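Heads up, the thing below is written out as structure tokens.
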Amino acid sequence: MSLRDKNRAQYRQKVLAAAKEIILQEGVKKLSLRYLANRAEVDPKTPANLFGNKAGIFLALLPEPLSEFIGKVQSKNADNAIALYFDFLETLHDVVSKNEQYYQELTWGLLSSREVSHEKGPKPEEEVFVKNLHEKLLTILQAMENSQQLQEDAPLEAINKHNVLVHVSLATAWANGFIDFAMVYQHTKQCWRLSLLPYAKDQAKSFLNEPNMLPIK
């Protein structure tokens, strides 16, 4: 790595560390590129040069929680596809619950940002997250069908679109402060459960009707 690249990497880390501090201590609404540069003790133009805009900052902060989430998901037992489907959701809940306020602010920042720079930095791409979520969950649904946990005529694409839409809609309500993430988890879990029940074969149906899968009273 050249000296220039090392300096760039150091500035990048300084700016991201300062951004995380601002979000944790003051909320995402307080984050401006000028204020961020001041907190990071860098030139006022540095955040824009490195990330393009605030959306670029938010996107650059995502790999840390996503890597933790992906690592935990990959450690799950993939032999039981229907269990893995709900483990995916439970793992997301566990990661977010460790620092819900920070992730709520970060999510709100991504959803509410409409800064687009065609020359530098990425544009807000929550649609990329939704696409990745859709593809990952569809793969697990296909594994359920292949392992005969779901009927062969189950409309996997329709089920998947419905379930992704439910989760993203609830997460948006959470990001706006209308509900907490525990409610996102519980309502998503029940919607997913009900979407699978009509097409579940005997063993899968028994799993979906286990006490820990039923709504909390």
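Summed over the stretch 65-91, the residues that are farther than 15 Å from PHE207 by Cβ and either outside the structural domain of LEU137 (by TED's automatic domain parsing) or modelled with pLDDT of 85 or more (or both) give a count of 1.
If the Cβ limit is 7 Å and pairs must be 6+ apart or interchain, which residue in the stretch 46-69 that is at positive phi pairs with which residue that is surrounded by fewer than 20 Cβ atoms within 10 Å (Cβ to Cβ)? Going by the 7 Å Cβ cut-off, the qualifying pairs are GLY52/SER117; GLY52/LYS120; GLY52/PRO122.
Determine, yes or no, whether HIS167 is part of a helix (DSSP H, G or I) and surrounded by fewer than 20 Cβ atoms within 10 Å (Cβ to Cβ). Judged against the criteria, HIS167 is not a match.
Against the conditions (1) under 17 Å from GLN13 (Cβ atoms); (2) exposed (fewer than 13 other Cβ atoms within 10 Å of the Cβ), LEU59 satisfies every one except (2).
Every residue, every condition in (1) small (Gly, Ala, Ser); (2) in a helix (DSSP H, G or I); (3) more than 18 Å from the chain's Cα centre (by Cα), yes or no:
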residue: ASN160; (1), (2), (3): no, yes, no
residue: ALA171; (1), (2), (3): yes, yes, no
residue: TRP174; (1), (2), (3): no, yes, no
residue: MET183; (1), (2), (3): no, yes, no
residue: LEU194; (1), (2), (3): no, yes, yes
residue: SER206; (1), (2), (3): yes, yes, yes
residue: ASN212; (1), (2), (3): no, yes, yes
residue: PRO215; (1), (2), (3): no, no, yes
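Anything in the stretch 1-28 that is farther than 18 Å from LEU59 by Cβ and free of Cβ contacts under 8 Å to residues at least 12 places away in the same chain? List them, or say none. Once the filter is applied, which keeps residues that are farther than 18 Å from LEU59 by Cβ and free of Cβ contacts under 8 Å to residues at least 12 places away in the same chain, the stretch 1-28 yields MET1, SER2, LEU3, ARG4, ASP5, LYS6, ASN7, GLN10, GLN25, GLU26.
The residue that is nearest to LEU156 (Cα to Cα), counting only those in the stretch 95-105 that are modelled with pLDDT of 90 or more and either surrounded by 14 or more Cβ atoms within 10 Å (Cβ to Cβ) or of a type in the set (Phe, Trp, Tyr) (or both), is VAL96. Can we say SER147 is farther than 21 Å from GLY52 by Cβ, surrounded by fewer than 17 Cβ atoms within 10 Å (Cβ to Cβ) and at pLDDT below 95? So SER147 passes the test. Are any residues in the stretch 162-176 under 13 Å from LYS189 (Cβ atoms) and free of Cβ contacts under 8 Å to residues at least 60 places away in the same chain, and if so, which ones? Correct list: ASN163, VAL166, LEU170.
The values are calculated or read from the model by the stated rules, or taken from the named source; none is laboratory data. Everything numeric here is computed off the predicted structure, so don't read it as measured data. In this analysis, Cβ positions are derived from the backbone assuming ideal geometry, glycine residues included, and neighbour counts consider all displayed protein chains.
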